[in-house]
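The values are calculated or read from the model by the stated rules, or taken from the named source; none is laboratory data. Bear in mind the structure is a predicted one, so any value in this text is a computation, not a measurement. Note that each Cβ is placed from the backbone with ideal geometry, even for glycine, and that neighbours are counted across all protein chains shown. Each accessible area value is taken on the protein alone, full model and side chains, heavy atoms only, with ligands, DNA and RNA left out. Shrake-Rupley method; radii C 1.70, N 1.55, O 1.52, S 1.80 Å.
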Amino acid sequence: MKKVLINSSFLVEVEETEVHKDFGMIDQITNELCHDQKTIIGTSEVNMKWESCSTVVLDPVSMNCGQCSTCGRWTTDREKSNPLLQLCNGATFEGKLLCDDCLPEDHK
Ligand SMILES: [Zn+2]
């Protein structure tokens, strides 16, 4: 058997005052998400052990992230340095940041 670490990320909008609050909305939300999970796949029950949780306050000025110019989805430019790997892959095409769904099909 192999151990597989599955990461999943959620985006949430909170008031700026919540960002540094102790046990504010962000901590309360992560408490809701960060626990062991169970799911049924076919006829098998799959148990997932919770391992870790982290939060990142997205800042397009200082981080490699931004909203896709076409659909608005948060994305990271995989062709530039320090991509945020928790976000959808994207790239700059004709001067605009685009997510992988909105990039032309022939773009790598
Ligand atoms: Zn898009």
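Output the residue which, of all residues in segment 93-106 that are open to solvent by 50 Å² or more (accessible area, probe 1.4 Å) and under 22 Å from the mean Cα position of the chain (by Cα), is farthest from CYS71 (Cα to Cα).
Looking at residues that are open to solvent by 50 Å² or more (accessible area, probe 1.4 Å) and under 22 Å from the mean Cα position of the chain (by Cα), I get PHE93.
Considering only segment 64-108, state which residues are within 16 Å of PHE10 (Cα to Cα), touching a residue at least 12 places away in the same chain (Cβ under 8 Å) and either assigned to a strand (DSSP E or B) or within 13 Å of the ligand (Cβ to nearest atom) (or both).
If the condition is that a residue be within 16 Å of PHE10 (Cα to Cα), touching a residue at least 12 places away in the same chain (Cβ under 8 Å) and either assigned to a strand (DSSP E or B) or within 13 Å of the ligand (Cβ to nearest atom) (or both), then GLY66, GLN67, ARG73, TRP74, THR75, THR76, LEU87, CYS88, ASN89 are the ones that fit.
Residues that are open to solvent by 80 Å² or more (accessible area, probe 1.4 Å), within 26 Å of TRP74 (Cβ to Cβ) and part of a strand (DSSP E or B): does segment 30-41 have at least one?
Yes, some residue in segment 30-41 is open to solvent by 80 Å² or more (accessible area, probe 1.4 Å), within 26 Å of TRP74 (Cβ to Cβ) and part of a strand (DSSP E or B).
Inside segment 12-29, can you point out the residues that are part of a loop (DSSP other than H, G, I, E, B) and out of contact with any Asp or Glu (no Cβ under 6 Å at 6 or more places or on another chain)?
VAL12, GLU13, VAL14, GLU15, VAL19, HIS20, LYS21, ASP22, PHE23
May I ask you to verify whether GLU13 is within 23 Å of GLN67 (Cα to Cα), open to solvent by 90 Å² or more (accessible area, probe 1.4 Å), charged (D, E, K, R) and within 18 Å of the chain's Cα centre (by Cα)?
For GLU13, the condition - within 23 Å of GLN67 (Cα to Cα), open to solvent by 90 Å² or more (accessible area, probe 1.4 Å), charged (D, E, K, R) and within 18 Å of the chain's Cα centre (by Cα) - is met.
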